[in-house]
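Note sheet for the following structure.
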Amino acid sequence: MTTEIRYKASNKTTIANAYNISLYTLQKWLEPIKMDLGNYCGKIYSPKQVSKIVEHLGLPEHLKLISV
């Protein structure tokens, strides 16, 4: 039985911490999917955007930071 991971809205710092990388590195890693992600509104990524980031980068080291 597989359970679907639900993500919560997160800012760039939280996502970078989940992957144990710097904000600069996160920006570089997200560059290829920048157009697909859409706007970074209100200094937060929506759960759908976080899901796209995880799909692109793979599961983070500290998944609990960005999942419900």
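Being outside any helix (DSSP H, G or I) and either among the hydrophobic types (A, V, I, L, M, F, W, C) or more than 12 Å from I15 (Cβ to Cβ) (or both) is the filter; apply it to the range 32-45 and report the residue that is least open to solvent (accessible area, probe 1.4 Å).
For the range 32-45, the residue satisfying everything is G38.
Just for the range 3-17: of the residues that are out of contact with any Ser or Thr (no Cβ under 8 Å at 6 or more places or on another chain) and in contact (Cβ under 8 Å) with a residue 40 or more places away in the chain, which one is most open to solvent (accessible area, probe 1.4 Å)? The extreme case among them is N17.
The values are calculated or read from the model by the stated rules, or taken from the named source; none is laboratory data. These numbers come from a predicted model, not from an experiment. Positions of Cβ are backbone-derived with ideal geometry, glycine not excepted, and every protein chain shown enters the neighbour counts. The protein model used for the area step is the full one, side chains on, heavy atoms only, and it has no ligands, DNA or RNA in it. Shrake-Rupley method; radii C 1.70, N 1.55, O 1.52, S 1.80 Å.
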